[in-house]
Each structure stands twice: as structure tokens, then as C-alpha cells.
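Notes for the one structure printed next.
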Amino acid sequence: MTVMQANVGDSVRFSKTVGESDIYLFAGLTGDLSQNHVDDEFMSHSIYGKRIAHGALMVGFISTASTRMIEESLRKGIDTTPVSLGYDGVRFLKPVYINDTVTVTYTISKIDQERRRTLANVDVTNQHGELVAVGKHHLKWTRNATKRPTF
């Protein structure tokens, strides 16, 4: 077993078509009922012309991609528990609309073995290949208090 089974350049992807129900469920869970997300008439007068998805929903999809990277490491055999330390430089570059399909690409860009950390670059594109969001994600690969059973 090793601390982390991740190498610079390792990459995973997650794709999802953003449905109206995703936006309403997210709004309900978070309390973010901004007109940008739930009011067609309000947004019809904006430069966007229609409702847009929450930026924080895109961060949720980024988190899903990081979980997939962790699952890859778990399959390879690690004796640590990876936890998120947070995100840097998250920017929403273009709107995401209902029925857009977004793809998150999560790529390990830096490894700090001594501090047991990885840094990943994250790109979110839409179905047209346009970059809609970017960011960086920090993971810490914490020591386990007890030995994880093997199956």
C-alpha cells in the first residue's frame, strides 16, 4: 500500500447534462433562489436571454470529478484517506444553460509527497467544446488511524 496512487498527468472526466430539475433541486438545497436561476422572465431581459445554472453547481460537478480520481487511487491500493482542502482560482467564464452538457476534466498537475498533497487543474467545457469554468483543487492524503480491511 502507498500514500497516494496519483501521478502528474493522471486525469479523469465527468459529464452531465444540466436539467431544469438539477437547478431547482440545487436551489432548494442551498436556498439560492436567485432570479438568474429560477425566473425565465427576469433573465429574458439579460444578455443571456434565459436562465443560467448556478456556478456552485459547477463546483459540485468538479467535486464529483475529484471523487472519481480518489476512487481510481483506492482501486490501485492506498493506505490513506484523501480529503479536499479546497479550491483556488475558480472562475465561471461562460454561462451554462439548461440542457447544456458539461464535461469536467480533472488533471493532477503537482504532487507534494512530503506534505501528502496533490494539486489538480480543472477545466469544465460545454457540449460545444467551450471552456465554461476553470479552477484548481487541493487534496490532502491523510494518514489512517486504523488499518482499512482488505476484501
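What the table shows:
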{"read-out": "Note, ³J(HN,Hα) from phi for the stretch 22-35, Karplus 6.51, -1.76, 1.60, rounded to Hz, x at Gly and Pro", "value": "4, 5, 5, 5, 5, 4, x, 5, 9, x, 8, 9, 3, 4"}
{"read-out": "Relative contact order %, the stretch 9-60, counting alpha carbon pairs below 8 Å whose residues are six or more apart", "value": "28 percent"}
{"read-out": "Net charge over other residues, Cβ less than 15 angstrom from the Cβ of SER46 (K, R count +1; D, E count -1)", "value": "0"}
{"read-out": "Between helix 55-76 and the chain: long-axis angle, C-alpha atoms, 0 to 90°, nearest 10", "value": "20 degrees"}
{"read-out": "Exposed-loop-free span, longest in the chain, where GluC sites (Glu not before Pro) count as exposed if DSSP calls them loop and at most 14 other C-beta atoms lie within 10 Å", "value": "1-113"}
{"read-out": "Amide N proximity, the stretch 74-112 versus SER46 label position 7 Å along Cα-to-Cβ, cut-off under 17 Å", "value": "91-100"}
{"read-out": "Length-normalised contact order of the stretch 1-120 in % [C-alpha pairs under 8 Å, at least 6 apart]", "value": "46 percent"}
{"read-out": "Carbon and sulfur %, accessible surface of the chain computed with the full protein complex present, 1.4 Å", "value": "52 percent"}
{"read-out": "Sequence-separation-based contact order of the stretch 73-134, relative, with Cα cut under 8 Å and 6+ spacing, percent", "value": "33 percent"}
{"read-out": "Accessible area of the chain divided out per residue, in Å², using a probe of 1.4 angstrom", "value": "57 Å²"}
{"read-out": "Overall dimensions of the stretch 9-93 by Cα: Rg and Dmax, Å", "value": "16.5, 54"}
{"read-out": "Total lysine pairs whose alpha carbons fall under 20 Å of each other in the stretch 1-124 (8 or more apart, or interchain)", "value": "4"}
{"read-out": "Stretch gain in nm, segment ALA145-ASN99, where the contour uses 0.36 nm per residue and the Cα spacing is subtracted", "value": "12.2 nm"}
{"read-out": "Rounded to whole Å, sorted largest first: equivalent-ellipsoid semi-axes of the chain, Cα gyration tensor", "value": "34, 15, 13"}
{"read-out": "Label-point gap, in nm, between LEU85 and THR67 - each point 7 angstrom along Cα→Cβ", "value": "2.3 nm"}
{"read-out": "Charge context of LYS16, other residues only, Cβ under 14 angstrom, K/R +1, D/E -1", "value": "-1"}
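The values are calculated or read from the model by the stated rules, or taken from the named source; none is laboratory data. Model, not experiment: these values are computed from the prediction. Please note: Cβ atoms are built from the backbone with ideal geometry, for glycine as well, and neighbour counts cover all protein chains shown. The accessibility values were calculated without ligands, DNA or RNA, using every heavy atom of the protein model including side chains. Shrake-Rupley method; radii C 1.70, N 1.55, O 1.52, S 1.80 Å.
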